[in-house]
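Colleague: Take a look at the following structure, please.
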Amino acid sequence: MKLQEKFVQLEKDRLTLLNEIKILNDDELNYKPKPDKWSIIQVIHHLIKSEQLSVVYIKRKISNKSNIDKSNLRSKFNAFALKWGLNFPIKFKAPASVSNVPDFDTFENTTSKWDNVRNSFIDLINNTSERILYRNIFKHPIAGKMNIIGTLDFFDAHFQHHKKQIKSLLTHLTQEKK
């Protein structure tokens, strides 16, 4: 799948999810089934923070072009392993940098933040030469270095992983209403 197609699919999935949850009020979106669990809004803020920090890292990396390794078999394996690992229902402890989520936020504010991050990511893709994008411009804290395709695969796998969590929260909310 080409770069633009991957991004379009990622965006389509995001908008579908947002469309599904927009029927909930802000109290429902911020509902936590247990004190140590995240709400739907907090899960989304985690996704936003992860993407935002990735974009910041990539921008910093491409500004110093001489320091970017060529993508190789190892980086492709890293991306594949990360994507594969996120498909399992295994809990991972999120790094502190992406765990700092608000206690309460509105749907509109959250959506706006995510829109801004996605817009900055597509701007980055559109304004960076493919020669640079297909080098190791991203470094996942666990999986290591990867190119733009690996980055988009991570965004997708990370989204799909947390979409399951959101669906579970939606089920819990529905049961609470009964």
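Colleague: Does segment 27-77 hold any residues that are among the acidic types (Asp, Glu), surrounded by fewer than 17 Cβ atoms within 10 Å (Cβ to Cβ) and part of a helix (DSSP H, G or I), and which are they?
Modeller: Asp27
Colleague: Restricting the search to segment 141-178, which residues are of a type outside the set (D, E, K, R), at pLDDT below 90 and farther than 16 Å from Lys70 by Cα?
Modeller: Pro141, Ile142, Ala143, His172, Leu173, Thr174, Gln175
Colleague: From the residues in segment 143-178 that are part of a loop (DSSP other than H, G, I, E, B) and in contact with a helix residue (DSSP H, G or I) (Cβ under 7 Å, 6 or more places away or on another chain), which one is surrounded by the fewest Cβ atoms within 10 Å (Cβ to Cβ)?
Modeller: We begin by selecting, within segment 143-178, every residue part of a loop (DSSP other than H, G, I, E, B); these are 143, 147, 178.
Add one more test, that the residue is in contact with a helix residue (DSSP H, G or I) (Cβ under 7 Å, 6 or more places away or on another chain), and what stays is 143, 147.
Details: Ala143: 20, Asn147: 25.
Checking each candidate, the answer is Ala143.
Colleague: Taking the criterion of being basic (Lys, Arg) and under 30 Å from Lys22 (Cα atoms), would at least one residue in segment 58-80 satisfy it?
Modeller: So the first thing to find is which residues in segment 58-80 are basic (Lys, Arg), and the list is 59-61, 65, 70, 74, 76.
Of the ones still in play, those that are also under 30 Å from Lys22 (Cα atoms) are none.
No.
Colleague: I would also like to ask the following. How many of the residues making up segment 130-142 are outside any strand (DSSP E or B) and over 25 Å from Lys12 (Cβ atoms)? Walk me through how you get there before you give the answer.
Modeller: So the first thing to find is which residues in segment 130-142 are outside any strand (DSSP E or B), and the list is 130-134, 136-137, 141-142.
Of the ones still in play, those that are also over 25 Å from Lys12 (Cβ atoms) are 131-132, 136, 141-142.
Total meeting the criteria: 5.
Colleague: Something else now. Residues being touching a Lys or Arg at 6+ places or on another chain (Cβ under 8 Å) and within 11 Å of Asp105 (Cα to Cα): count how many of those fall in segment 1-47. Walk me through it before giving the result.
Modeller: Start the filter on segment 1-47 by keeping residues that are touching a Lys or Arg at 6+ places or on another chain (Cβ under 8 Å), which leaves 11, 13-14, 17, 38-39, 42, 45.
Imposing the further condition that a residue be within 11 Å of Asp105 (Cα to Cα) reduces the set to 39, 42, 45.
Total meeting the criteria: 3.
Colleague: Can I ask one more? Just to be sure I understand the filter: pairs with C-beta atoms under 6 Å, separated by 6 or more residues or on different chains, first member in segment 51-72 and within 18 Å of Asn127 (Cα to Cα), second member modelled with pLDDT under 95 and assigned to a strand (DSSP E or B). Which pairs pass?
Modeller: Ile58/Phe138; Ile68/Arg135
Colleague: Moving on to the next point. For segment 94-120, enumerate the residues that are at pLDDT 95 or above and small (Gly, Ala, Ser).
Modeller: Ser112, Ser120
Colleague: Something else: Can you tell me which residues in segment 95-129 are in a helix (DSSP H, G or I), of a type in the set (Val, Ile, Thr) and more than 16 Å from Leu3 (Cβ to Cβ)? Working first, answer last.
Modeller: Start the filter on segment 95-129 by keeping residues that are in a helix (DSSP H, G or I), which leaves 96-99, 107-126.
Narrowing further to those that are of a type in the set (Val, Ile, Thr): 98, 110-111, 117, 122, 125.
Result: Val98, Thr110, Thr111, Val117.
The values are calculated or read from the model by the stated rules, or taken from the named source; none is laboratory data. If you're wondering where the values come from, they're calculated on a predicted model, not measured in any experiment. Methodologically, a virtual Cβ is constructed for each residue, glycine included, from the backbone with ideal geometry; neighbour enumeration extends over all protein chains shown.
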